[in-house]
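The values are calculated or read from the model by the stated rules, or taken from the named source; none is laboratory data. What you are looking at is a predicted structure, and each value in this text was computed from that prediction instead of being measured. Here the Cβ is made from the backbone with ideal geometry for all residues, glycine too, and neighbour counts use every protein chain on show.
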Amino acid sequence: MVRVRFAPSPTGFLHIGGARTALFNWMYAKAQGGQFILRIEDTDKVRSKPEYLEEILESMKWLGLTWDEFYKQSDRFELYRQYADKLLAEGKAYKDGEAVVLKVLEKSIKIYDLIRGEIVVDSKEIKDQVLMKSDGSPTYSFACVIDDALMEISCVIRGEDHISNTPKQILIYEALGFKLPKFAHLPLILDPEGGRMSKRAGATAVTEYRTQGYLSQAIVNYLMLLGWSPGNNQEKILMASALKTFSIKKINKAGAAFSLEKLQWLNSQYIKEMDTAQLAETLRPLVAAQYPEARIEGKELEHMVQLYKGRMNTLLDFLDWTGFIFNEQVHFDEEVKTKHLTQDMRREFDLLAGHLSAVSDFNVKSAEEAFRGVVAQLGIEAGVLVHPVRVALTGKAVGPGLFETMVVLGQERTVRRLKEAFK
Ligand code: GLU
C-alpha cells in the first residue's frame, strides 16, 4: 500500500518549497492509488502557532491538496514517552539529566534514495541522539520515526535539507525494530542566481501568491515543474495528464531554479483559458473589496473580463486596469499625462464629445464611426487623437481597443471625461 505524508511544522507560513514537497507527495500517492497523510509536527510548543496551522491548512485546501488522514504530534506525546521508556528498558538509550539519549553504535548506514541512489554514511560522524527533551517533548527525529513507522509510511518524500537527518533517523528505526520506508529527497528550490530561494526571487509564502492574484492551478502547475518535467518541453500540464506520467525517479538531482517570469506566464495562460463567467465570479469579490462604491450590473463585469482576460498576468492586473471604470475620477499616471495630454486639444475633444453624444445606439462600431468622422472633419491622422483620448478616459497609455474601452465606460461617462479633460 502506497502511503506518504507531508509533515509541516506550524512555525511559519506554508513556504513555496513546502508546498512543492506536499504536491510531490500528493502526486506520488494519487498516481498509484495510494494515501496522502497530513501530519502536523507541532512538538515545539513555543514556536508552533495556531495561526500558522490555520494558514497551512487554508493553503493546502486552496491548492487542492486534500488529505486522507490528519494527525497532530501534540496529541501523541504519551506514545513517544512509551517508546522512549522501551529503549531505556532495553538499554539502547540512557538518561542525561531529564533527557533520553540514544546510544549510537559504530556501523555504516546505507540509505537508498529514489532520486539520488545509494548514500552510505559512517555512524562515527553521528553523535548520540537526544530522543526526549528535558521538558518531556520528543525531538523532531524521534517523533518523526515513530509516526512514519506507525502510520505505515511507505516512502518518505521531503526536501534535501533533511538529508542529514535521514541516517540519524535510520538508527532510531533500527533501535525500535521498525521496518525502513523508502526515501526520496527533493532538490532545493534556488533563486535565479543559484542561491537558496528567498524573497528576492519572488514571494516565499503560498498565501502571498494568492493575494497577488495567482490562480491555484497555475501555482500547482508551476510547482510541478520545479524538479520534474513531463517531457517534450511541455510546460502547461493539467493534473490528470501529469499523474499519468509522474514518477519520483524522474525528479532531477540538481536544484530547481525559481522563475517568477515563468510562473507569471503560466498564470496568464490559465487566466486566458478560464471560462469568462467563472473568471468574472472569481474577480467579483476582489472588485468589491477594492472598489466598494462600484455598482456592477448584470453582465457588465463579464463584458469587462472578456475585454481584459487575454492580457492579464495576474488577477490584480484586472483591478489595476479597470480602476477607471469603477472610480468616478480618473487617476492619471503622471508620466503618461505629461506625455500625451499637454497639448491643448479642447477643440478636438469637444468635437468628438459632440459626435459621440449624438450616437443613438452606442456600441463599438458606432463609436468608431463617430471617431472616424471627427478625424476626417479635422483632417488629422487618427493616431494624433487616439492616445490623448485613451489617456483622458482611462488615465493610462495602454489598454484594450479604444472603442471597446468607450463602450465599457458607457456613453455618458465617455462624453463627460472628454469635456472635462482640459478643465
Ligand atoms: N517538520 C519537518 C519540517 O517541517 C518535516 C520533515 C520531514 O518531512 O521529515 O521540515
Of the residues in the stretch 198-235, those that are among the aromatic types (Phe, Trp, Tyr) and either in a loop (DSSP other than H, G, I, E, B) or in contact with a Gly (Cβ under 7 Å, 6 or more places away or on another chain) (or both) come to Tyr214, Trp228
Pick from the stretch 55-108, criterion of a type in the set (S, T, N, Q) and surrounded by 14 or more Cβ atoms within 10 Å (Cβ to Cβ), ranking: farthest from Arg39 (Cα to Cα): Ser59
Near pairs, Cβ below 6 angstrom, 6+ apart or cross-chain, from the stretch 82-109 (part of a helix (DSSP H, G or I)) to any residue that is of a type in the set (Val, Ile, Thr): Tyr83/Ile146; Ala84/Val100
For the stretch 255-263, check the following and say yes or no: at least one residue is over 20 Å from Ser59 (Cα atoms), in contact with a Gly (Cβ under 9 Å, 6 or more places away or on another chain) and surrounded by fewer than 18 Cβ atoms within 10 Å (Cβ to Cβ). yes
Which listed residue, of Leu53, Leu63, is aliphatic (A, V, I, L, M) and more than 29 Å from Pro230 (Cα to Cα): Leu53
Boolean, Gly231 is touching a strand residue (DSSP E or B) at 6+ places or on another chain (Cβ under 7 Å) and surrounded by fewer than 20 Cβ atoms within 10 Å (Cβ to Cβ): no
Scan of the stretch 298-348 for residues that are of a type in the set (Gly, Ala, Ser), closer than 16 Å to Leu279 by Cα and touching a residue at least 12 places away in the same chain (Cβ under 8 Å), ordered by number: Gly310
Being free of Cβ contacts under 8 Å to residues at least 12 places away in the same chain and part of a loop (DSSP other than H, G, I, E, B) is the filter here, so list the residues in the stretch 350-369 that pass it. Ser360, Asp361
For a quick check of your reading of the model, give me the residue pairs whose first member lies in the stretch 398-423 and is at negative phi, whose second is outside any helix (DSSP H, G or I) and of a type outside the set (A, V, I, L, M, F, W, C), with beta-carbon atoms closer than 7 Å and at least 6 apart or on different chains. Thr405/Gly399; Val407/Asn363; Phe422/Asp344
Only one of these is at pLDDT 95 or above and hydrophobic (A, V, I, L, M, F, W, C): Ala397, Ala382, Ala367, Ala421. Name it. Ala367
Contact list, first residue from the stretch 122-141 and touching a residue at least 24 places away in the same chain (Cβ under 8 Å) and farther than 15 Å from Glu98 by Cα, second anywhere and among the polar types (S, T, N, Q) and within 16 Å of the ligand (Cβ to nearest atom), beta-carbon distance below 9 Å, six or more apart or interchain, is Tyr140/Ser9; Tyr140/Thr43; Tyr140/Asn165; Ser141/Gln129; Ser141/Asn165; Ser141/Gln169
Subset of the stretch 150-165 [more than 23 Å from the chain's Cα centre (by Cα) and not in a helix (DSSP H, G or I)]: Met151, Glu152, Ile153, Ser154, Cys155, Val156, Ile163, Ser164
Take Gly159 and decide whether it is within 11 Å of the ligand (Cβ to nearest atom) and small (Gly, Ala, Ser). yes
Flag for Pro388 being closer than 29 Å to Arg284 by Cβ and either touching a helix residue (DSSP H, G or I) at 6+ places or on another chain (Cβ under 6 Å) or assigned to a helix (DSSP H, G or I) (or both): no
Among the candidates Ile119, Ile172, Ile153, Ile111, single out the residue that is buried (at least 18 other Cβ atoms within 10 Å of the Cβ), modelled with pLDDT under 95 and at negative phi. Ile111
Would you mind listing the helices (runs of 4 or more DSSP H) fully within the stretch 257-349 where at least 2 residues are under 25 Å from the mean Cα position of the chain (by Cα) and within 30 Å of Lys419 (Cα to Cα)? 276-290, 300-308, 315-326
Within the stretch 113-149, the residues that are farther than 23 Å from Ser48 by Cα, assigned to a helix (DSSP H, G or I) and either acidic (Asp, Glu) or within 16 Å of the ligand (Cβ to nearest atom) (or both) are Glu125, Ala149
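Every residue, every condition in (1) among the β-branched types (Val, Ile, Thr); (2) within 16 Å of the ligand (Cβ to nearest atom); (3) at pLDDT below 95; (4) under 28 Å from the mean Cα position of the chain (by Cα), yes or no:
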position	(1), (2), (3), (4)
Ser59	no, yes, no, yes
Asp75	no, yes, no, no
Lys86	no, no, no, no
Glu90	no, no, no, no
Just one of the numbered conditions (1) assigned to a helix (DSSP H, G or I); (2) within 15 Å of the ligand (Cβ to nearest atom); (3) in contact (Cβ under 8 Å) with a residue 60 or more places away in the chain; (4) touching a Leu at 6+ places or on another chain (Cβ under 6 Å) is not true of Ile172; which one? (4)
Checked the stretch 8-54 for anything closer than 22 Å to Thr211 by Cα, among the charged types (D, E, K, R) and either away from the ligand (no atom under 14 Å from the Cβ) or surrounded by fewer than 18 Cβ atoms within 10 Å (Cβ to Cβ) (or both); matches are Lys49, Glu51, Glu54
Checking the structure you have, find out if any residue of the stretch 192-206 is more than 16 Å from the ligand (Cβ to nearest atom), under 30 Å from Phe318 (Cβ atoms) and crowded, with 19+ Cβ neighbours inside 10 Å. yes
